[in-house]
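> One structure, pasted below without further comment.
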Amino acid sequence: MVSSNALFDGTILGSSVASMIPEGHIIRPLELTDYRKGYTECLSNLTIVGEVTEQMFGETFEDMQRTGNYLIVVIEDLAAQKIVASGSLIIEQKFLRGCGRVGHIEDIVVAKGQQGKRFGFTIIKQLLELADATGCYKSILDCSAENVGFYEKCGLENKGVQMAVYAPGTAQKKA
């Protein structure tokens with residue numbers, strides 16, 4: 001059973017980022033109830049989500065919450081009660097650098113019709129603050145070549161090339 005509606009303790013969110021959010025919106029940890037607020041619909045603006053039932057969402061949420069290494073933040077439009085942006089920080093424990101931690105920034109998405117409000121920039125800034133607050137010695141993300149400029153404006157540097165292999169029969173990109 002999930003011990004809390006929030007994926008992680010929201011008190012570690014930086015207050016400097018909250019001031020960047022326009023009135024009528026809030027930035028906060030993902031909550032179990034966000035399934036009904038269109039979280040998976042928001043994610044579908046990024047890539048293929050597939051069929052995710054409320055039960056599947058709850059079980060995955062519980063698994064993520066149990067590890068404590070998944071910090072997913074969302075921006076909610078309070079009037080519409082809809083999730084309009086999201087991003088994830090996955091914390092990897094290493095043996096390198098004195099058993100340091102690396103933050104992997106993933107799944108940055110802003111819902112259609114919500115672009116231009118600096119939500120993507122704000123999500124990245126929040127995730128970088130969370131990485132710092134949780135002791136990550138670096139944060140990394142993979143992106144397509146057309147998004148490099150955006151992430152550079154967020155303070156990240158191009159440090160290499162991403163390589164991937166997909167399991168047979170799985171979709172690689174959004175159709």
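The values are calculated or read from the model by the stated rules, or taken from the named source; none is laboratory data. For clarity, every value in this text was computed on a predicted model and none was experimentally measured. Cβ placement follows ideal geometry from the backbone for every residue including glycine, while neighbour counts extend to all protein chains displayed. Keep in mind that these areas ignore ligands, DNA and RNA; they rest on the heavy atoms of the full protein, side chains included. Shrake-Rupley method; radii C 1.70, N 1.55, O 1.52, S 1.80 Å.
> For S144, indicate whether it is without any contact (Cβ under 8 Å) to a residue 24 or more places away in the chain, open to solvent by less than 60 Å² (accessible area, probe 1.4 Å) and either more than 29 Å from E23 (Cα to Cα) or in contact with a strand residue (DSSP E or B) (Cβ under 6 Å, 6 or more places away or on another chain) (or both).
So S144 fits the description; yes.
> Now a separate question. Give, as residue ranges, the strands (runs of 3 or more DSSP E) completely inside the range 1-98 that count at least 3 residues that are at pLDDT 95 or above and open to solvent by 50 Å² or more (accessible area, probe 1.4 Å).
In the range 1-98, 82-93 are the strands (runs of 3 or more DSSP E) which contain 3 or more residues that are at pLDDT 95 or above and open to solvent by 50 Å² or more (accessible area, probe 1.4 Å).
> Return yes or no: is V74 within 19 Å of K159 (Cα to Cα), touching a strand residue (DSSP E or B) at 6+ places or on another chain (Cβ under 6 Å) and touching a residue at least 12 places away in the same chain (Cβ under 8 Å)?
no
> Looking at (1) among the acidic types (D, E); (2) within 25 Å of A18 (Cα to Cα); (3) open to solvent by 70 Å² or more (accessible area, probe 1.4 Å), which is the one condition that is false for E129?
Of (1) among the acidic types (D, E); (2) within 25 Å of A18 (Cα to Cα); (3) open to solvent by 70 Å² or more (accessible area, probe 1.4 Å), only one is false for E129: (3).
> Looking at the structure I just gave you, is L156 in a loop (DSSP other than H, G, I, E, B), hydrophobic (A, V, I, L, M, F, W, C), under 18 Å from the mean Cα position of the chain (by Cα) and farther than 19 Å from S44 by Cβ?
Judged against the criteria, L156 is a match.
> Taking the range 99-121 on its own, how many of its residues are surrounded by 14 or more Cβ atoms within 10 Å (Cβ to Cβ) and over 11 Å from the mean Cα position of the chain (by Cα)?
10
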